[in-house]
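Take a look at the structure set out below.
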Amino acid sequence: MPEKDYEDIPGTFVFDADRSREGYHLNQFCISLRLQKNRDEFNADEEKYLDKYPMTAEQRDAVLKRDWNRLLALGGNIYYTSKLAANDGINFQNLAGLMTGMGVEKYREMMLHGGRPIDGNRYKTEWGDED
Amino acid sequence: MARITAGVGCSHVPAIGVAMDTKITDQPYWKPVFDGFEFSRKWMKENKPDVIFLVYNDHCTAFDASCIPTFALGAAAEFQPADEGWGPRPVPVVKNHQKLASHIAQSLILDEFDMTIMNEMEVDHGLTVPLSVMFGEVSPEDEWPCLVIPLAVNVVQYPAPTGNRCYQLGKAVRRAIESYPVDLNVMVFGTGGMSHQLQYKRAGLINREWDQRFLDLLTEDPVFASQIPHVEYLREAGSEGVEMVMWHVMRGALDDEVKEVHRHYHVPASNTAVGHIILENVAA
Ligand SMILES: [Fe+2]
């Protein structure tokens, strides 16, 4: 296997074929929430709705807990997990506030001031212990 | 003969569509975003295309994870705006130039680009937001001012097609369009970007200098720009910034030398740097 040249970017999951394979059922569940009738069914009984998707116990737990970062670590992709967030009334920007741990207000403030700067955010080595 | 007169590069941030749909474009947050499209709307009226060949990506809306075509060409008669989880956008159905689309599909495949052909497809904000910003508000009962041929590119699952492949595809699209024996004014749109990351702890990344350099290169040295490797987009412009490969299809469809008639850049729209450029074929 060739080495992945994008694995040293901090705070980032690159959704490649390996992640796509791992997250397949999770992502298929998320995209099902695009349709109102499925949202209604899911919101009426989350556990029962999730039974239809053979995801791992860990993925299922992350869905139920709305653990947004763990969903990504377990093969979820942001365009899919954002459908679950939309179901909960959370838009892309507020979701980013949650995933970064900054909170909605601080995150919005950062964006208004030009966003997260690139300097210091290119390589994992620049982030020290954190990934 | 059909001819390509101009190319448009343009972000397709969903929140821009929401701002237009909820009529808050005059708010201080949004005004600078929309001010930069005032020229463009006038320019669109003056240069009225018959057809837009619109390169965009689907954001896990029409395509789920079960099938991931790298290049999918819209051949259906029309395309409904999709429900992306908060109801479909209140904009008109998108109508195709179906004959030209079939001609392009056939030409591209014989030109060795192995296209997927879509005879049924809904379209998401990736396609409708560029139309909205360039044409202004159009009510769902009205019609878009021109026909649209969609080309959906996979940029969600890594790897997206390379910048070079996109640039070469643009050249093949031009050969296809210019061999269509009806006089049509065709514009090519490349959409997505600019720098943005929507996910995980580095979300919110913006790289103004990199974006500006990308726009400069796109105009002046498109071949060099087409050689930018994926890892550079991911690292420098954010994981979702890789959408910018789609701009190379647009650039490839234009002359080597073009006239940049308009540029707009603003941070932020939601999580994203908004970029926009209009390039004219001088000889056209
Ligand atoms: Fe996009």
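The values are calculated or read from the model by the stated rules, or taken from the named source; none is laboratory data. Since this is a predicted model, take the numbers as computed values, not measurements. For neighbour counting, all protein chains shown are included, and Cβ atoms are generated from backbone atoms with ideal geometry for every residue, glycine included. In case anyone asks, the SASA skips ligands and DNA or RNA and just uses the protein heavy atoms, side chains included. Shrake-Rupley method; radii C 1.70, N 1.55, O 1.52, S 1.80 Å.
Annotations
- Mean separation of Cα pairs under 8 Å and 6 or more residues apart, divided by the residue count, gives chain A a relative contact order of 31 percent.
- Each principal axis of the Cα cloud of the stretch A:91-131 was evaluated for its coordinate range; sorted largest first, these ranges are 30, 19, 14 Å.
- Point-to-point label distance, B:GLU112-B:PHE39, nm (Cα→Cβ direction, 7 Å offset): 3.9
- Charged-residue dipole, Cβ positions (Lys, Arg, Asp, Glu), the stretch A:91-131 about Cα centre, Debye nearest 20: 180
- Label-to-label distance for B:GLU209 and A:GLU109 is 2.6 nm, based on points extended 7 Å past Cα in the beta-carbon direction.
- Charge-dipole axis of chain A as Lys and Arg at +1 and Asp and Glu at -1 on Cβ define it, positive-most pick from A:GLY97, A:ILE31, A:ILE9: A:ILE31
- Accessible surface, per residue, of the stretch B:2-281 when the full set of protein chains is kept, probe 1.4 Å, Å²: 34
- Accessible-area composition of the stretch B:52-200, carbon plus sulfur, in percent [1.4 Å probe]: 49
- Heavy-atom accessible surface of A:LYS52, to the nearest 10 Å², is about 110 Å², with a 1.4 Å probe and all protein chains retained.
- Accessible area of chain A belonging to carbon and sulfur atoms, whole % at 1.4 Å probe: 50
- For chain B, the square roots of the Cα gyration tensor eigenvalues, ordered a ≥ b ≥ c, give a/c below 1.5, which places it in the rounded category.
- When nucleic acids and ligands are ignored and a 1.4 Å probe is applied, B:GLU112 ends up with an accessible area of around 140 Å².
- The C-alpha atoms of the protein assembly as shown occupy a region whose extents along the principal axes are 59, 50, 44 Å, arranged from largest to smallest.
- Here the relative contact order of the stretch A:14-90, from alpha carbon pairs under 8 Å that lie six or more residues apart, stands at 46 percent.
- Estimated FRET transfer efficiency when R0 is 30 angstrom, pair B:GLU78-A:LEU35 (beta carbons, to 0.05): 0.90
- Dipole magnitude of chain B, debye to nearest 20 (Cβ charges: Lys/Arg +1, Asp/Glu -1, about Cα centre): 320
- Placing a pseudo-label 7 Å from each Cα along the Cα-to-Cβ vector at B:SER102 and B:ASP21 gives an inter-label distance of 3.3 nm.
- Within a straight-line Cα-Cα reach of under 30 Å, A:LYS52 can be paired with the following lysines, leaving aside sequence neighbours fewer than 8 residues apart in one chain: A:LYS37, A:LYS65, A:LYS83.
- With all protein chains modelled, accessible area of B:PHE39 [1.4 Å, Å²]: 80
- Summed residue charge, Cβ within 11 Å of B:VAL249's Cβ, Lys/Arg positive, Asp/Glu negative: +4
- Euclidean distance between Cα centres, the stretch B:49-109 to the stretch B:224-284, Å: 20
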